[in-house]
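Below you'll find the structure, written out as structure tokens, and then a few comments.
The values are calculated or read from the model by the stated rules, or taken from the named source; none is laboratory data. For clarity, every value in this text was computed on a predicted model and none was experimentally measured. Cβ placement follows ideal geometry from the backbone for every residue including glycine, while neighbour counts extend to all protein chains displayed. Accessible surface areas use protein heavy atoms only, side chains included; no ligands, DNA or RNA. Shrake-Rupley method; radii C 1.70, N 1.55, O 1.52, S 1.80 Å.
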Amino acid sequence: MPNLLDGVRVVESAVLLNGDTVGMLLGDLGADVIKVESPPAGDYLRYFLGQIVPGVSVPHAQVNRNKRSVLLDLTEDADRDTFWRLIDTADIFVDGNRPGVCDKLGVGPDAMRARKPSLVYVQHTGFGATGPYASIPTHGMLMNALVGAHAVQRGEDGLLERGSFEDDGANLGGEATSVGGLHAALQAVAALLRARETGVGAYIDVAGSDATAMTAWLPIVLQRNAERITDRSGMAARSDGEMTGSRYQFYETADNRVVLFGCIEQRFWDKWAAAAGRDDLIGRQADTSNDSVDWGDEAERRLVAEVIATKTLDEWLRLAAEYGFALGAAHQSVDEVAADPHIAGRNVFVEGQHPVAGPISYVGSAAIVDGEPFTVRRHAPAPGEHTDEILAELDIAR
């Protein structure tokens, strides 16, 4: 994969997913990411969520790839001096700790930018570094829950449990640590561009909860502005939160797979009808008798189901590409996704090799740059695996 951030050095101080994800994204783009870890064990994500071998968990292998590790105890003067030497060489600092942790160690954003004004300091926390909840420790679901991304219901045992929403909202924003990492990396690279031009860095405060809301902006702004909308044509009719029309709907194929049919535009509907050999359906109009578009009634939904059931998933995907109508696979398992030739062709899932844990399956990059496939340059490091190497680069003897 092209090293778009070749020559950029990132110093990361993080445990668990928030900061680790930011560093992964920057490292995937070619930055030299140096993970500063506290001795002896460093980032305890190594021991969470299922280990392949002791000290190598699947999440750690994913989000700490393309990084080097150095062990430094910032409560010790000598190691703090080494840390400052490292910061002198850095372009971006990633802080994935709780707000105030780096300040207590004397290496917070004010201290760092006083020493190096061009430094981009990006902090990715659960609820952000400001506001009344800033000091609350978080895990991923807490960030999503704050912005209304988790519905709850009372179970048969009388206790609360996960439920489903009647309307789309922040639940469409994705997993908070991942989307927060994306926003943090974007902001950091933008700030770096400015720093390269002006010599002025930035302090960037990213909250995973905020990022979830931002990523789900479409359903949120529709709900927030619902009473201001005067013309609801073009908005899908719903029942219990689910779209009821036939033209934006899931259907089963002849080989018991699932497709999502999205022919809400008349031109797509007509192309689908032609591809299906159903000229009698060309020109058929959607039901628009209600305030919002049904995109087809129940009778039409059954008709479409009958037509979709006449061909296999592969046949429908070939026709959709050939005729140009909106239909896609709706895979029902990760194994189905991995076997999809389109996903395989875009190198979404990447196989790698860890020197201790053996074969590792990764999720790669969402982008293909200059036609080059994504690759993992470095396995996730052991605690301090590169300490001697990095100290030598800083001309520090041990």
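Some notes on this structure:
- Residue within segment 79-101 that is over 16 Å from Val36 (Cβ atoms), surrounded by fewer than 16 Cβ atoms within 10 Å (Cβ to Cβ) and not small (Gly, Ala, Ser) present: no
- Within segment 357-395, the set of residues being open to solvent by less than 40 Å² (accessible area, probe 1.4 Å), assigned by the TED database to the domain that holds Ile87 and in contact with a Pro (Cβ under 9 Å, 6 or more places away or on another chain) comprises Gly384 only.
- Applying the criterion of being open to solvent by 20 Å² or more (accessible area, probe 1.4 Å) and on the phi < 0 side of the Ramachandran plot to the residues of segment 14-23, the residue that is farthest from the chain's Cα centre (by Cα) is Val15.
- Scanning segment 134-149 turns up one or more residues that are within 27 Å of the chain's Cα centre (by Cα), free of Cβ contacts under 8 Å to residues at least 40 places away in the same chain and open to solvent by less than 50 Å² (accessible area, probe 1.4 Å).
- Residue within segment 166-178 that is open to solvent by less than 80 Å² (accessible area, probe 1.4 Å), within 20 Å of Val10 (Cβ to Cβ) and within 17 Å of the chain's Cα centre (by Cα) present: yes
- Cβ separations smaller than 6 Å between residues 6+ apart or across chains give the following pairs from segment 165-184 residues that are touching a residue at least 60 places away in the same chain (Cβ under 8 Å) to residues that are among the polar types (S, T, N, Q): Phe165/Asn171; Thr177/Asn18; Thr177/Thr21; Gly181/Thr21.
- Condition check for Ala190: among the small types (Gly, Ala, Ser), open to solvent by 10 Å² or more (accessible area, probe 1.4 Å) and either under 19 Å from Asp28 (Cβ atoms) or part of a loop (DSSP other than H, G, I, E, B) (or both): yes
- All conditions in (1) in contact (Cβ under 8 Å) with a residue 40 or more places away in the chain; (2) touching a strand residue (DSSP E or B) at 6+ places or on another chain (Cβ under 6 Å) hold for Thr21, with the sole exception of (2).
- Hits in segment 292-314 - residues which are in contact (Cβ under 8 Å) with a residue 60 or more places away in the chain and of a type outside the set (Val, Ile, Thr): Ser292, Leu313
- Verdict on Gly108 being under 24 Å from Ala188 (Cα atoms) and surrounded by 17 or more Cβ atoms within 10 Å (Cβ to Cβ): yes
- Residues that are polar (S, T, N, Q), under 20 Å from Val11 (Cβ atoms) and open to solvent by 10 Å² or more (accessible area, probe 1.4 Å), drawn from segment 34-67: Ser38
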